[in-house]
Structure formats: structure tokens, C-alpha cells
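Quick notes on the structure that follows.
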Amino acid sequence: MDLVEISPNAEPPVCKIIDHGKYKYREQKKEQKKSQKSHQPELKTLKLSFSISDHDMEVRAKSAKKFLSRGDRVRIVLPLRGRENALQDTARKKMKKFVEMVKEMEDAEVEKDIEKEPRGLTMTLIKD
């Protein structure tokens with residue numbers, strides 16, 4: 001058994017008679033739990049389609065809200081195939097509509113605006 005100072009800043013300082021090894025072990029476990037709970041932001045990808053329905057768009061907006069509330073960045077991808085490439089204006093409107101849906105649910109900000117890539121359109125959202 002050892003005399004361990006638990007709270008040195010308290011007036012008067014708090015000490016306990018305990019097994020020092022057990023005390024250090026418990027403190028180490030507390031630190032491990034804290035580090036497990038910390039969340040590293042990730043880049044999450046949501047894929048929309050050219051002919052997506054409004055309900056499916058709402059479902060994806062809810063998942064985007066969940067990702068943004070956890071602190072992740074959200075990448076939105078809308079792949080274009082064949083003749084869909086000729087209708088890029090319609091695809092851009094769909095993406096803007098999706099962003100408005102997300103902004104209604106969560107404070108979101110466009111990090112990267114809509115960009116044309118070889119396989120379609122992409123953009124990135126972050127929490128405001």
C-alpha cells in the first residue's frame with residue numbers, strides 16, 4: 001500500500017492509501033477510453049445518380065447531415081454516362097438542389113464548388 005496524492009490542487013491536498021500499481025493502471029485505462037472517443041475527420045463520399053428521385057435525395061441528405069455533424073467532410077459525386085454528359089446543366093441543378101437540402105438540415109458550407117471530372121461532377125461540403 002502506498003500514500004498517493006489524488007488531487008494536489010485542492011485545499012487541503014487529497015491523499016489516499018491505495019495500491020499505486022492499481023491506481024496507475026486505472027488512470028491508463030481512462031486515457032485509452034478518451035483517445036478512443038476522439039474522432040479524426042474523414043472524407044465521406046455520397047453518390048447521386050442522374051435520375052435520382054426526391055425521396056432518395058432526402059435519404060442521402062440525412063446521411064450527409066450525420067457525417068457533417070460528426071465533423072467529417074462530405075464529397076458528393078454524380079457520375080455521368082453516355083448522353084447524360086450532354087445534360088450537365090440538369091446535373092448541376094440536381095447537385096445544387098441536394099446542397100440546399102443539406103443546408104436546411106445542417107449548417108453546411110461548400111468547400112469545393114461543382115467541378116467537372118472525367119466521369120462526372122463532384123463537390124465537397126464541410127460543416128460551417
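Just so it is clear, none of the values below were taken in a lab; they were calculated from the coordinates. All values derive from a computational prediction rather than experimental measurement. Neighbour counts run over all protein chains shown; Cβ positions are idealised from the backbone, glycine included.
Among the listed pairs LYS29/LYS127; LYS44/LYS65; LYS65/LYS112; LYS47/LYS103; LYS62/LYS116; LYS30/LYS127, those whose Cα-Cα separation exceeds 20 Å are LYS29/LYS127; LYS62/LYS116; LYS30/LYS127. Taking square-rooted eigenvalues a ≥ b ≥ c of the alpha carbon gyration tensor, is the range 43-82 rounded, prolate or oblate, where a/c under 1.5 means rounded and, failing that, a/b exceeding b/c means prolate? Since a/c reaches 1.5 but b/c is at least a/b, the shape of the range 43-82 is classed as oblate. Each of LYS94, LYS47 has some number of other Cβ atoms within 10 Å of its Cβ, and from fewest to most they run LYS47, LYS94. Put simply, the amide H of ALA108, placed in the peptide plane, has neighbours under 5 Å in ASP128, leaving out anything fewer than 5 places away on its chain.
Annotation: extensible slack from SER7 through GLN88 equals 22.7 nm (criterion: 0.36 nm per residue apart, minus Cα-Cα distance).
Among rounded, prolate and oblate, which fits the range 89-128 when a ≥ b ≥ c are the square roots of the eigenvalues of its C-alpha gyration tensor, a/c under 1.5 means rounded, and a/b larger than b/c means prolate? Oblate, since a/c reaches 1.5 and b/c is not below a/b. Volume per residue for the range 43-127 equals 75 cubic angstrom (convex hull of Cα atoms). Counting other Cβ atoms within 10 Å as a rough exposure proxy, the listed residues LYS44, LYS29, LYS116 run LYS29, LYS116, LYS44 from fewest neighbours to most.
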